[in-house]
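This report concerns only the one structure given below.
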């Protein structure tokens, strides 16, 4: 009894001392930028969870697998130290204006996991489920942990490669940032320093230094974003107009209403071999368009037919279709400006993006449906629609070029500061019709080879979790130079029938193969 009393008193005393001890004030770097605030609100409201770039790393032939884990941890350490956004936490996440804060250390064991897949299990299925789990697992303890994680999978036996799932909170950086991560990681895996102990890594604990003097600045501080009165008024009106005035808006996807639950990402991924991709790119050049333009034209053809009146799984006909392209704005940002001499946009992991709009009107959608009446086989449909496909791809490319020619003039980023609390704004959006049928994010090509017999990247896949208020489908693509191009189609479970998403991915793959062997010529 006396021991119990003493023990109880001891615990009380320790708690009292802990409460009286001075608490260290968070080391605030800066408030979030406008784009960061937007993505933070999505994550806080549980409207958007994770983004990932998954790379398959070929192992050096001379490397003993027993040493892989230590080498990878050291390479990841060098990568984290290189990029400030991998080292910071978020203060007051659930507020109107969260801030970035410095952390003293980082435990790699809480950010990096390793999983061997047994021979008796289907490796591709396990990889797919691991990716889904990563995409749909929320980032917690953001005040004490950076918003990223890595999951590494390999097959049982003597593996020749590892699949590295790098998943992150979009608040920290965009898709290009994920690509930059893997480029940095590949370089560091082949750095001789990974063969020896690193002074700042003790066990799994990485000691961090201050990054406040080299932290990525807000885009709105880097350049001026001119906004005309006409653009400002039209944009504000679109946001504030009552729903009864927008029933015939061609940008709306009324056939896929916004719903918060269930929050689960469905995705389908396909790959196209390098030889076929090269032929498709050549045809794009002949038609004066790009792969991005084509990645818009293909879902137009598929969904125009799937979402026609009377079609299976179609509750309401889609008369027109609206889509968006994610564009990297690093090209518009100054290198090593006087105010931020350390900042090189092209190698910086942060949020530097904007959107470009594309509208495919009722006449175009009706023309696609008209041409395919009575046509049964997919190949005959593709023959009937090939000229429309190229025309739509050219239109999309021109939309993007017009946007790029304007630079940051009349860019929505210049108006984002008018929104004082993106959480409230996004809650209001739940009451409105969904805008957009699909969005395309094309990360282009990354170089996966190095000279000699070092680590290599053999394959890459770019994927986005579902976003509650976004266009229905995310279409994401990335290629490894000299290897395959991977395209991912994702959507929120229950918003549309899974068969529509399945057919969309299958149609896009079939179209790319059809065009890669010459089309109807």
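Each value in this text was obtained by applying a stated rule to the coordinates, not by laboratory testing. Every value quoted in this text rests on a predicted model; they were computed, and no experiment measured them. Reconstructed Cβ throughout: ideal geometry from the backbone, glycine too, with neighbour counts over all protein chains shown.
Values for this structure:
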quantity	calculated
Length-normalised contact order for the range 28-211 - Cα pairs under 8 Å, 6+ apart - percent	37
Considering only the chain, percent of DSSP beta bridges that pair antiparallel, nearest 5	75
The range 112-188, relative contact order in percent, only Cα pairs under 8 angstrom and at least six apart counted	33
Relative contact order of the chain, pairs being alpha-carbon contacts under 8 Å that are 6 or more residues apart, as %	23
Residue-span extension gain [residue 204 to residue 119] - 0.36 nm each, minus C-alpha spacing	27.7 nm
The chain: angle of helix 274-286 to the longest principal axis, Cα-based, in degrees nearest 10	50
Rounded if a/c under 1.5, otherwise prolate or oblate - the range 277-339, Cα gyration tensor axes	oblate
Inter-centroid distance (Cα atoms) of the range 299-373 relative to the range 169-236, Å	25
Helix-only CD estimate at 222 nm, as mean residue ellipticity for the chain, using -39500 (n - 2.57) per DSSP H run (n ≥ 4)	-11500 deg cm²/dmol
FRET efficiency for residue 65 and residue 359, using Cβ-Cβ distance with R0 set to 45 Å, rounded to 0.05	0.30
Protection proxy ranking, peptides 75-83, 223-231, average beta carbon neighbours within 10 Å, highest first	75-83, 223-231
Sorted peptide list for 300-309, 380-389, criterion being average Cβ within 10 angstrom, highest first	300-309, 380-389
Segment residue 128-residue 377, length gained on full extension (0.36 nm per residue, minus Cα span)	86.6 nm
Where labels lie 7 Å past Cα in the beta-carbon direction, separation of residue 239 and residue 428 in nm	0.7
Förster radius 22 Å - calculated FRET efficiency between residue 450 and residue 274, Cβ distance, rounded to 0.05	0.75
Degrees between helix 378-405 axis and first principal axis of the chain (Cα, 0 to 90, nearest 10)	60
Burial order of peptide ranges 170-181, 54-65, 31-42 (average beta-carbon count within 10 Å, highest first)	170-181, 31-42, 54-65
With Cα atoms, 0 to 90° folded angle of helix 362-371 axis to the chain main axis	60
Bridge type composition, the range 438-521 - antiparallel percent by DSSP, nearest 5	45
Gap separating the Cα centres of the range 88-126 and the range 418-446, nearest whole Å	24
Segment residue 191-residue 336, extension gain: residue separation times 0.36 nm, minus the distance between their alpha carbons	49.6 nm
Efficiency of FRET between residue 105 and residue 25 - r from beta-carbon atoms, R0 30 angstrom, step 0.05	0.95
Rounded, prolate or oblate (a/c below 1.5 giving rounded, otherwise prolate when a/b exceeds b/c) for the range 28-211 by Cα gyration tensor	oblate
The range 28-211 - share of DSSP beta bridges that are antiparallel (%, nearest 5)	80
Which label in (1) 1.22; (2) 0.99; (3) 1.13 gives the computed Rg/Rh (Cα atoms, Kirkwood Rh)	(2)
